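J.: Can you keep this structure in mind? I'll have questions shortly.
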Amino acid sequence: MPFEGAIGSAYNDRVIETRAAVDRLSGGKIGYVSLAAMGGADVAEFARDFYGQSGREAMIIDVRDNNGGNVDSIIIGALLRRAWAFWAAPGGRAFANMQGAYRGPIAVLIDEQTYSDGETFAAGVKSLGLGPLIGQRTAGAGIWLSGRNPLTDKGMARIAEFAQYRADGEWLIEGWGVEPDIEVDNLPHATFQGQDAQLQAAVDFLTNKLATEPVPPLVPRALPALGTPGKSAIRLR
């Protein structure tokens, strides 16, 4: 759990309610994962929720209000896995190789409260083309902090000193944030009434994506005649 006590209870209630809403709006086709931060407990929550819903045809990953950490690469690494083949016993279920590769489309929700490593995650998703970012431009607080300055009273002076750069050397995120691919604002009064335009936009996008570009099932062809060798590796889509 990312939080403890009453705040944690409220957060978990919201996640459960939002997941139920996505399930209802999509007819059970779209999964929902929320990441409140980017720490060790959040990786565990991602693994539980993401892989627990990996049978869904599409997935929403919600990093709105994400307050950062340093595990973006672990989560992005999971999203980068691609199925290039599959195993299947006669008449049995197909298992993708690479194991755990998610084959459906994803959409990521961001807002002005997406902060620090939540922004790095969003920037990685955008740069690597993993799916659209939907919502509002993130906070613009991308320089990582150091905890290497202890004080005599056992406190600590944290200093922002690790700036982030694109592979070509361009400075990223700080003072500007990460822009959404699909800009959607959750207006205050509508939010107070329980509406979530950003979530609805993600559901609409993925529903249309599934309708126009369905994910082909993993179905083995009939085995060739006994003694026929297998094909060599081929380039896959």
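J.: Please give the length that would be gained between SER146 and ALA89 if that part of the chain were fully extended, namely 0.36 nm times their separation in residues minus their C-alpha to C-alpha distance (nm, one decimal).
T.: 15.4 nm
J.: Still on this model: Exposed loop GluC sites (Glu not before Pro) only (DSSP loop, at most 13 other Cβ atoms within 10 Å): please give the longest stretch of the chain free of them, not including the sites.
T.: Excluding the exposed sites themselves, the longest stretch runs over 5-169.
J.: Hey, another quick one. How far apart, in nanometres, would the label points at SER9 and LEU226 be if each is projected 7 angstrom from Cα along the Cα-to-Cβ direction?
T.: A separation of 6.7 nm, rounded to one decimal place.
J.: Identify which of the listed values of Cα Rg over 2.2 N^0.38 Å was calculated from the structure shown: (1) 1.31; (2) 1.17; (3) 1.79.
T.: (2)
J.: A further question follows. Pull up all non-local amide H partners of SER146: gap of 5 or more, or a different chain, and H-to-H distance under 5 Å with H placed in the peptide plane.
T.: For SER146, whose amide H was placed from the backbone, the distant partners under 5 Å are ILE159, ALA160, GLU161.
J.: Moving on. Percent antiparallel among DSSP beta bridges with both residues in the range 46-191, to the nearest 5?
T.: Percentage antiparallel, nearest 5: 50.
J.: In square angstrom, rounded to the nearest 10, how much accessible surface does ILE16 have for a 1.4 Å probe?
T.: 110
J.: With contacts defined as alpha carbon pairs under 8 Å and 6 or more residues apart, what's the relative contact order of the chain in percent?
T.: Over the chain, the number comes to 16 percent.
J.: Once R0 is set to 45 Å, what does the formula 1/(1 + (r/R0)^6) return for the Cβ-Cβ distance between ARG81 and ARG158, expressed as a FRET efficiency to the nearest 0.05?
T.: 0.85
J.: Around SER34, which amide H atoms from residues at least 5 apart in sequence, or from another chain, sit under 5 Å from its own amide H, with H modelled in the peptide plane?
T.: Distant-sequence amide H within range of SER34: ASP62.
J.: Once phi is turned into θ = phi - 60°, what whole-Hz ³J(HN,Hα) does the Karplus curve with 6.51, -1.76 and 1.60 give for every residue of the range 163-177, x standing for Gly and Pro?
T.: After applying 6.51 cos²θ - 1.76 cosθ + 1.60, I find 6, 10, 10, 5, 4, 8, x, 5, 5, 10, 6, 4, x, 9, x Hz.
J.: For the range 113-129, what does the Karplus curve 6.51 cos²θ - 1.76 cosθ + 1.60, with θ = phi - 60°, yield as ³J(HN,Hα) per residue in whole Hz, taken in order and with x for Gly and Pro?
T.: 9, 6, 10, 6, 5, x, 6, 4, 4, 4, 5, x, 4, 5, 5, 8, x
J.: With all protein chains present, how much of the accessible area of the chain (probe radius 1.4 Å) comes from carbon and sulfur, to the nearest whole percent?
T.: Looking at the chain in its full context, I get 57 percent from C and S.
J.: If you don't mind, there's one more thing I want to ask. What whole-number value in Å² describes the accessible area per residue of the chain for a 1.4 Å probe?
T.: The answer is 60 Å² per residue.
J.: May I ask you to compute the full-extension gain from GLN195 to GLU213, defined as 0.36 nm times their residue separation minus their alpha-carbon distance, rounded to one decimal in nm?
T.: Stretched fully, the GLN195-GLU213 segment lengthens by 3.7 nm.
J.: Could you work out [θ]222 nm for the chain from helices alone, using -39500 (n - 2.57) per DSSP H run of at least four and dividing by all its residues? Round to the nearest 500 deg cm²/dmol.
T.: Calculated at 222 nm, the ellipticity per residue is -10000 deg cm²/dmol.
J.: Still on this model: Output ³J(HN,Hα) for the range 73-87: one whole-Hz value per residue in order, computed from phi by the Karplus curve 6.51 cos²θ - 1.76 cosθ + 1.60 with θ = phi - 60°, and x for Gly and Pro.
T.: Working through the residues one at a time gives 5, 5, 6, 4, x, 5, 6, 7, 4, 10, 7, 10, 7, 8, 9 Hz.
The values are calculated or read from the model by the stated rules, or taken from the named source; none is laboratory data. From a predicted model like this one, the values you see are computed outputs, not experimental measurements. Note: ideal-geometry Cβ built from the backbone for every residue, glycine included; neighbour counts use all protein chains shown. For the accessible areas, the whole protein counts, side chains as well, though only heavy atoms, and no ligand, DNA or RNA atoms are used. Shrake-Rupley method; radii C 1.70, N 1.55, O 1.52, S 1.80 Å.
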